[in-house]
Amino acid sequence: MSKLNKSNSELDLDRPNIEDYLPSGSLQDSHPKLRLRDLLDISPTLTEAAGAIVDDSFTRCFKSNPPEPWNWNVYLFPLWCLGVVVRYGVLFPLRAIVLTTGWIIFLSCYFPVHFLLKGHDKLRKRLERGLVELICSFFVASWTGVVKYHGPRPSMRPKQVFVANHTSMIDFIILEQMTAFAVIMQKHPGWVGLLQSTILESLGCIWFNRSESKDREIVARKLREHVNGADNNPLLIFPEGTCVNNHYTVMFKKGAFELGCTVCPIAIKYNKIFVDAFWNSRKQSFTTHLLQLMTSWAVVCDVWYLEPQNLKPGETPIEFAERVRDIISVRAGLKKVPWDGYLKYSRPSPKLRERKQQSFAESVLRHLEQK
Amino acid sequence: MGNTSSMLTQYDIEEVQEHCSNTFSQQEIVSLYQRFCQLDRNGCGFISAEEFMTVPEFAVNPLSQRLFRMLDGLNFKEFVAFLSAFSSRASLQQKVEFIFKVYDTDGNGKVTFNEMLDILRDLTEFSDLHLFLVIEVMQKENTPMSLKIENLHKRIA
């Protein structure tokens, strides 16, 4: 009986075994003898495919679930209208004023500090950090943010990275108001990009471009340099790589976990009663998202700073990433999903399908060899 | 995610239900409609290949190309009729007919040996030599060169 020679001999070590999460379409082990009809019975595979058509775990991660409308009544509707008037007429102008004031203070302090203190690096950095924390607090105030922090505050030490689950760009602002992190982000166009290239640059932030494949090595090198520098701000990474709707976590990219340093997980969970903070980047621009937050009642969330983790002996970076994802998901009450967040932008690689085919083929051979 | 422009009326639901021979309840049809609208992002009334492939679980399935060929260009009514074989209320006859249709790529009502080989190739990525060897080892019974639907029924049931 000829053996199956693996045509793609390099196994895809880049991701953990998806078979652990998905139901396998392999042959029933109840039949000791493999008959032709078992091989021809494609119903498990078809059922899987139909199941995926009807509902699949990946699309669920990016669905923004609108809250149930409660204003369907004669007396509830006027109450809701009153609420709209208060939100748009009273709260929004107040918040806009607060935010504008904050920006004025920030800009008037930042530029002098940045240009005049060019020589005194340490002092300048400290002041810049304080100012960034200030403007982030103004932002949070402009949405009436009620943020509860649990756990010890992050400290500035070399050889450590912070990882967090990602729901929206405001995650960064909420974390930044407590500690001035340096973050690694996708370069955005528009006014966000302008902010990124001027102010956030001074914090030591790193940019990447999702669509460039060569980018990965450059970014990996920059990450390593940053982490090893003693004086740099603590690095914050969102290993999911994309915004998820705060009910699920998608697979973490291993880049943050193979830098050879301690990983401190942070879990963020938003309370949806007041507003759904998920930024569905396919549906709204960031400006619309911010405006939506500014015209809601409040942004309520919990932030947990969890125990720092190290790579255990004999653990691969992928297993490490999965372990940390487990910790974060359990703490924030999120369900885990075995898909790569970047599948939002591209098709799954054919290797995944080939692996399924290989496992089916192997079970066929195993059954035949049992004769 | 709301379907503001095209809500299903009671008449629509009943029409779809009749078309799929009552294998889905009305509530299930409404859920399927929501799913159809979610997949059909550009709102053109049918789900294109691109839109199907955005579901990673479907894209990694070895039989996805075949199923896609059968699903291409279907509107919602036909979509529900297609999925009716998977409902718990579908009869065994309906399920076997569906499997037969998946096998019978040229649609001539017969499943030839080549069509069976094609399916096995899709599932396992075996080379042709491997496939012949596997089938030979298992061939204690005579495999007829082409099967009509009743024979397939006997074979799988």
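Fewest Cβ neighbours within 10 Å first, please rank A:Lys351, A:Lys356, A:Lys159 accordingly.
With the fewest neighbours first, A:Lys351, A:Lys356, A:Lys159 line up as A:Lys159, A:Lys351, A:Lys356.
Roughly how big is the protein assembly as shown's charge dipole about its Cα centre, with Cβ charges of +1 (Lys, Arg) and -1 (Asp, Glu), in debye to the nearest 20?
I would put it at about 1560 debye.
What does the average come to when, for each residue of peptide B:58-70, you count the partner chain Cβ atoms lying within 10 Å of its Cβ? Present the calculation step by step, with values, prior to reporting the outcome.
On the way: counts 9, 10, 16, 13, 10, 6, 6, 1, 3, 6, 1, 0, 0.
Neighbouring Cβ atoms belonging to other protein chains average 6 per residue here.
Which value, to two decimals, describes the C-alpha radius of gyration of region A:156-201 once divided by 2.2 N^0.38 Å?
Working: Rg = 11.6 Å, N = 46, 2.2 N^0.38 = 9.4 Å.
After normalising by residue count via 2.2 N^0.38 Å, the value is 1.23.
Helix A:350-369 against the longest principal axis of chain A: what's the angle in degrees, Cα atoms only, rounded to the nearest 10?
With both axes taken from Cα atoms, the answer is about 30 degrees.
Local charge sum around B:Cys20 (other residues, Cβ-Cβ under 12 Å, Lys/Arg +1, Asp/Glu -1)?
-3
Answer with one residue from B:Ser87, A:Ile97, B:Gln10: the one whose Cα lies farthest towards the positive end of the charge dipole of the protein assembly as shown, charges on Cβ with Lys, Arg +1 and Asp, Glu -1.
Value computed over the given set: A:Ile97.
Between A:Trp72 and A:Asp326, take the C-beta separation as r, use R0 = 45 Å, and let me know the FRET efficiency to the nearest 0.05.
Computed FRET efficiency for A:Trp72 and A:Asp326: 0.65.
How long are the semi-axes of the equivalent ellipsoid of region A:79-186, taking √(5λ) for every eigenvalue λ of the Cα gyration tensor, in whole Å from largest down?
Square roots of five times the eigenvalues give 30, 21, 10 Å.
Rank by packing, highest mean first: peptides A:99-108, A:286-295, A:332-341, with packing defined as the count of other Cβ atoms within 10 Å averaged across residues.
The most tightly packed comes first, giving A:332-341, A:286-295, A:99-108.
If one takes the longest principal axis of the Cα atoms in chain A, at what angle in degrees, from 0 to 90 and to the nearest 10, does the Cα axis of helix A:215-228 lie?
Roughly 60 degrees between the two axes.
Computed over the Cα atoms, what is the radius of gyration of the protein assembly as shown divided by 2.2 N^0.38 Å, N being its residue count?
On the way: Rg = 28.0 Å, N = 528, 2.2 N^0.38 = 23.8 Å.
Relative to the rule-of-thumb radius for its length, the protein assembly as shown sits at 1.18.
Count, for each residue of A:51-64, the Cβ atoms from other chains sitting within 10 Å of its Cβ, then give me the mean as a whole number.
Per residue, the average neighbour count from other chains is 5.
Exposure proxy check: A:Phe257, B:Phe24 ranked by fewest other beta carbons within 10 Å?
Fewest-to-most ranking of A:Phe257, B:Phe24: B:Phe24, A:Phe257.
Loop only per DSSP, at most 13 neighbouring Cβ atoms within 10 Å: give me the GluC sites (Glu not before Pro) in region A:196-245, ordered by residue number.
Within region A:196-245, the qualifying GluC sites (Glu not before Pro) (loop, at most 13 other Cβ atoms within 10 Å) are A:Glu212.
Could you sort B:92-101, A:121-130 so that the peptide with the highest average Cβ count within 10 Å comes first and the rest follow in order?
B:92-101, A:121-130
Of all trypsin sites (Lys or Arg not before Pro) in region A:176-247, which ones are in loop regions per DSSP and have a Cβ with at most 14 other Cβ atoms within 10 Å? Please report the intermediate quantities before stating the final value.
On the way: sites: A:Lys187, A:Arg210, A:Lys214, A:Arg216, A:Arg221, A:Lys222, A:Arg224; in loops: A:Lys187, A:Arg210, A:Lys214.
Those satisfying the criteria are A:Lys187, A:Arg210, A:Lys214.
Taking springs between alpha-carbon atoms closer than 10 angstrom, which of A:Tyr305, A:Tyr149, A:Tyr88 fluctuates most in the Gaussian network model of chain A?
Result: A:Tyr88 has the largest fluctuation of those listed.
Mind sorting A:Val132, A:Val85, A:Val300 by how few other Cβ atoms lie within 10 Å of their own Cβ, fewest first?
Ranking A:Val132, A:Val85, A:Val300 by Cβ neighbours within 10 Å, fewest first, gives A:Val85, A:Val300, A:Val132.
Taking 0.36 nm per intervening residue step and subtracting the Cα-Cα distance, what contour gain separates A:Ser108 from A:Lys63 on full extension?
Details: separation 45, 0.36 × 45 = 16.20 nm, distance 4.07 nm.
Result for the pair: 12.1 nm of gain on full extension.
Can you pull the mean other chain C-beta count within 10 Å for peptide B:35-45?
The shielding value for this peptide is 1.
What net charge is computed for the residues neighbouring A:Gly151, neighbours being all others with C-beta under 11 Å from the C-beta of A:Gly151, Lys and Arg scored +1, Asp and Glu -1?
Details: positive: A:Lys148, A:Arg153, A:Arg331; negative: A:Asp302, A:Glu307.
Charge balance near A:Gly151 sits at +1.
For a bin width of 10 Å, list the pair-distance distribution of region A:242-360 built from all Cα-Cα distances, rounded to whole %.
Histogram of Cα-Cα distances, whole percents per bin: 11, 33, 33, 18, 4, 0.
For A:His120 and A:Tyr345 in the same chain, what is the full-extension length gain: residue separation times 0.36 nm, less their Cα-Cα distance, in nm?
76.6 nm
Filter A:Lys336/B:Lys77; A:Lys125/A:Lys344; A:Lys272/A:Lys336; A:Lys335/B:Lys77; A:Lys187/A:Lys336; A:Lys118/A:Lys222 down to the pairs with a C-alpha to C-alpha distance above 29 Å, please.
Violating the 29 Å limit, Cα to Cα: A:Lys336/B:Lys77; A:Lys125/A:Lys344; A:Lys335/B:Lys77.
Could I have the simple spin-label model distance between A:Arg216 and A:Glu319, label points 7 Å from Cα toward Cβ, reported in nm to one decimal?
Reported label-point gap for A:Arg216 and A:Glu319 is 2.2 nm.
Most fluctuating residue of A:Trp80, A:Trp207, A:Trp304 in a GNM of chain A with Cα springs under 10 Å: which is it?
A:Trp80
Considering chain A as a Gaussian network with a 10 Å cut-off on Cα pairs, which listed residue, A:Gly89, A:Gly255, A:Gly145, attains the greatest mean-square fluctuation?
Fluctuation is largest for A:Gly89.
How big is the Kirkwood radius of region B:29-108, worked out from every pair of different alpha carbons and given in Å to one decimal?
About 13.5 Å, per the Kirkwood formula over Cα pairs.
We did not get these values from a lab; they are worked out from the coordinates using the rules stated. Note that the structure is a prediction, hence the values are computed from the model and not measured. In this analysis, Cβ positions are derived from the backbone assuming ideal geometry, glycine residues included, and neighbour counts consider all displayed protein chains.
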